[in-house]
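Everything below concerns the one structure shown next.
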Amino acid sequence: MRYPNALLISCLCSLVPIVLVQTPAFAQDTVRIAYIDPLSGGGASIGEVGVKTFQFIADEINAKGGVLGKKLEIVPYDNKLNPQESLVQVQKAIDAGIRIVTQGNGSSVAAAISDFAAKFNERNPGKEFLFLNYAAVDPVLTNDKCNYWHFRWDANSDIKMEALTNYMKTWPSIKKLYLINQDYSFGQAVRAAAKTMLSAKRPDIQIVGDEMHPLLKITDFAPYVAKIKASGADSVVTGNWGQDFALLLKAAADAGLQVDWYTYYAGGTGGPTAIKQSGVNHRVFEISEGHANIPHRASQDFEGVFRAKYEIEGMKIDVFDGGDGFMRKDDHQFFQPMYIASFGERSDKEPFDEEKTGWGWRIITRLDAANTMLPTSCKMDRPS
């Protein structure tokens, strides 16, 4: 799920004072943040969870006095998961005096906003805006297409695949692997990294299928699942998110497909329900920065407060995990601890379920921030 990392808005407590000093536009008493993500169409369920999460954390900060006495306000803009429409909404936000923009669904959207930020800020000194990317994870955004005004808080897809394949390489039971991903920049990055990294770490694994499909356009994954079944695969790697993951799992259950799933966003809206209905108990693994059942008191307290406020089926966020994190100066990529977790029946140590399934996430392994770092090709131009 493209949940806004709670750490992102908390870091605004440090970031906003800098912006307040440098930007005259923040003379008002409220600091507004434009949330630009899908609030209609196929990605709406993801976008709605995100905006509620941002609003909740902003409320928490405001209840403690805000940032330098200024309140935070989240202003939603519907981009319909379209890069061109996103730029229209960014311009509306700028025209309204907003100087902080956040987005997370779709790396093609993030690339458009990042490029727009670089060009707009160069042409409009004194009116610059910041782009805080909470979940668009194509590696190119902090490599060849990096820019000074873009900050990414989620681990990029290569960082996640590095961690995921380090885990997968330890399992000799993985012999035949099928790749299925959404056909856009993020899905292509997942596909490429999986091939490269597994080839180096486990050359004995046979890739028996490599499928790309349109983003959020498929309503019946039965033909794709039939190919997976026919391939004899024992495991699947997918970066699918939103309805593309939930419907894929549903089709797999209908076909009686029994494989292990290695994923990025199985925890997204509809994902946990699909996993439970498929009966794949602790056979779906997700790599992410956190889950509700991390055994850390502050994390679970925060999760409990959030869920108490939003009694909506499927509501979930990635929360503070107690580890150290940092923003790398070279490329504005944030690093923090990451976890591999499986989804299934809960033990007494796992208090939170997902989507009222009764099942929850079980932490398999934790990787500290220092063990998630990959090099960058970023050559950033900085304002003089």
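Observations
- From the list Ser40, Ser107, the lone residue that is within 25 Å of Asp183 (Cα to Cα), in contact (Cβ under 8 Å) with a residue 24 or more places away in the chain and surrounded by fewer than 23 Cβ atoms within 10 Å (Cβ to Cβ) is Ser40.
- Residue in segment 342-350 that is closer than 21 Å to Ser157 by Cβ and at pLDDT 95 or above present: yes
- Strands (runs of 3 or more DSSP E) within segment 195-308 that include 1 or more residues modelled with pLDDT under 95 and buried (at least 17 other Cβ atoms within 10 Å of the Cβ): 284-288
- Residue in segment 71-114 that is farthest from Gly42 (Cα to Cα), counting only those that are small (Gly, Ala, Ser) and assigned to a loop (DSSP other than H, G, I, E, B): Gly97
- With respect to (1) without any contact (Cβ under 8 Å) to a residue 60 or more places away in the chain; (2) touching a His at 6+ places or on another chain (Cβ under 8 Å), the lone exception for Asp244 is condition (1).
- Within segment 69-80, residues that are under 19 Å from Leu39 (Cβ atoms) reach partners that are crowded, with 17+ Cβ neighbours inside 10 Å and among the hydroxyl-bearing types (Ser, Thr, Tyr) with beta carbons closer than 6 Å, at six or more positions or on different chains, in the pairs Ile74/Tyr35; Pro76/Tyr35; Asn79/Ser86.
- Among the candidates Leu130, Leu81, the residue that is in contact with a Phe, Trp or Tyr (Cβ under 8 Å, 6 or more places away or on another chain), open to solvent by 10 Å² or more (accessible area, probe 1.4 Å) and not basic (Lys, Arg) is uniquely Leu130.
- Of all residues in segment 59-70, those satisfying the criterion of being part of a helix (DSSP H, G or I) and either at pLDDT 90 or above or closer than 18 Å to Ile113 by Cβ (or both) are Asp59, Asn62, Ala63.
- Condition met for Ser185 (open to solvent by 20 Å² or more (accessible area, probe 1.4 Å) and in contact with a Ser or Thr (Cβ under 6 Å, 6 or more places away or on another chain)): yes
- Test result for Val137, crowded, with 16+ Cβ neighbours inside 10 Å, touching an Asp or Glu at 6+ places or on another chain (Cβ under 7 Å) and touching a residue at least 24 places away in the same chain (Cβ under 8 Å): yes
- Screening Ile228 on (1) free of Cβ contacts under 8 Å to residues at least 60 places away in the same chain; (2) touching a strand residue (DSSP E or B) at 6+ places or on another chain (Cβ under 8 Å); (3) β-branched (Val, Ile, Thr); (4) under 30 Å from Val101 (Cβ atoms) shows it passes everything except condition (4).
The values are calculated or read from the model by the stated rules, or taken from the named source; none is laboratory data. A quick note: this is a predicted structure, and the numbers were derived from the prediction, not measured. A quick note on method: Cβ atoms are made from the backbone with ideal geometry, for glycine too, and the neighbour counts reach across all protein chains shown. Ligands, DNA and RNA are excluded from the accessible area calculation, which covers all protein heavy atoms including side chains. Shrake-Rupley method; radii C 1.70, N 1.55, O 1.52, S 1.80 Å.
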